[in-house]
Amino acid sequence: MEGVRGMDDRIPVTVLTGFLGSGKTTLLQRLLSCEDGAGVAVIVNELGEVSLDHLFVQKLTESTIVLKNGCICCTMREDLQTGLRELIDNRDRGLIAPFDRVVIETTGLADPTPIAMTLDGDLLLKRQVRLANIIATIDAMFGADQLREHEESMRQAAIADRLVLTKTDIASKEETARTREKIHAVNPMAVVLDACSLESLWTQLFDIDPFDPRTKSSEVQHWLKRLPSIEVLKSSRSSGRYQGKNGKNVMIRGYHKDKNEEGGEIQTFAIRTEKPLNWTAFAIWLSALLHRHGNRILRIKGLLNVPGALGPVVLNAVQSHITPPMHLDEWPDEDHTSRIVFIVQGLSPGLIQKSLDCFLSVLE
């Protein structure tokens with residue numbers, strides 16, 4: 001795990017995902033029609049369920065196309081690395097118009113995590129681009145049922161930073177409320193937006209960047225507002241139990257492989273620890289945890305109290321992809337305890353808490 005990062009001027013890459021027919025392409029069209037849309041390059045999976053062909057007006061290379069508003073679209077003929085490298089190379093050679101942001105639209109059944117891992121795993125791309133945001137579109141009419149019945153939809157929502165409710169203009173109030181309730185249960189940390197509120201979408205989706213140090217403080221404030229609604233585990237080593245909020249005991253259960261290992265219930269919980277965390281030890285523990293259980297740990301966000309630091313270290317991970325941590329100059333509130341939120345699938349919260357306690361206890 002790398003050290004704490006300061007300012008980051010690489011090209012921000014936004015991943016746009018969402019279940020089949022949830023309105024990804026419609027949302028993308030509306031965003032590109034905004035005044036700032038001309039500075040966006042778009043990469044679409046050519047197997048996507050909705051074609052963008054009706055937007056294409058000029059083909060520059062085998063894989064790069066200019067949209068009506070001047071935005072650039074790369075159709076990703078081979079893989080993500082090739083598409084991004086070609087896009088940046090053509091821009092630098094003056095073959096296409098300049099851009100300062102990339103949006104990658106996935107297919108409706110895609111897991112967005114491999115994209116995040118690709119951006120960090122390619123040494124050349126890592127110096128040029130960075131993950132900025134994961135957005136998932138949710139159909140207000142059918143989203144609750146899709147989240148319940150389709151694991152792809154559920155994982156997309158659980159991993160996302162921003163959830164955009166689509167079709168709210170035609171969905172009933174009951175349908176919209178049911179979908180909101182379901183997505184809050186799946187991912188209580190995400191910002192939920194209405195696709196019909198176009199005037200605020202650009203700012204919320206692009207200007208406030210969950211992975212950018214320049215806007216991290218506002219993102220952390222949102223996390224803290226949502227934290228009271230999340231079960232918080234506090235260690236109690238002597239009893240062999242873990243206490244949740246309101247003194248509720250959480251039993252530790254061992255985890256074993258079974259035929260449903262990759263599935264299971266999605267749970268959100270937070271771990272709070274009052275003692276400052278040894279940064280090196282915590283980084284080793286987290287890396288080992290994600291290496292072993294990365295596919296079942298969908299998202300991690302946290303504030304860490306590290307000895308000697310004026311403010312907290314901000315932690316952000318998407319499955320096994322750990323974004324280089326960032327440091328805030330000051331704490332956002334009076335509470336200086338470390339708080340780490342996990343969204344997991346098929347893993348015991350008590351097991352994770354016990355693992356961290358055991359690892360840190362050997363250093364005491």
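Since every read-out is calculated from the coordinates, none of them should be taken as a lab result. Being a predicted model, the structure only gives us computed values, none of them experimental. Every residue, glycine as well, gets a Cβ built from its backbone with ideal geometry; the counts of neighbours run over all protein chains shown.
Here are the numbers for this structure:
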item: Table column - 3J(HN,Hα) (Hz), the range 17-30, Karplus curve with 6.51, -1.76, 1.60, x for Gly and Pro; result: 10, x, 5, 3, x, 7, x, 4, 5, 4, 4, 4, 4, 5
item: Nonlocal amide H pairs with Met326, under 5 Å, H built at 1.01 Å; result: Arg5, Val314
item: Distance in nm between pseudo-label sites at Glu151 and Lys225 (7 Å out along the Cβ direction from Cα); result: 3.4 nm
item: Long-range HN-HN contacts of Glu105 with modeled amide H, under 5 Å; result: Leu16, Ile43, Val44, Asn45
item: Out-of-range pairs (alpha-carbon distance over 31 Å; input Lys225/Lys354; Lys173/Lys354; Lys167/Lys225); result: Lys173/Lys354
item: J(HN,Hα) series, the range 181-196, from Karplus relation 6.51 cos²θ - 1.76 cosθ + 1.60, nearest Hz, glycine and proline x; result: 4, 5, 6, 5, 6, 6, 9, x, 8, 6, 7, 9, 10, 9, 4, 7
item: Gain upon complete extension [His291, Leu20; 0.36 nm per residue less C-alpha separation]; result: 94.5 nm
item: Packing-based ranking, highest mean first, of 82-90, 274-282 given that Cβ atoms within 10 Å are counted; result: 82-90, 274-282
item: Other-chain or far-sequence residues with amide H under 5 Å of Ile266's (modelled H); result: none
item: Difference of contour (0.36 nm per residue) and Cα-Cα distance, Glu334 to Asp36; result: 103.5 nm
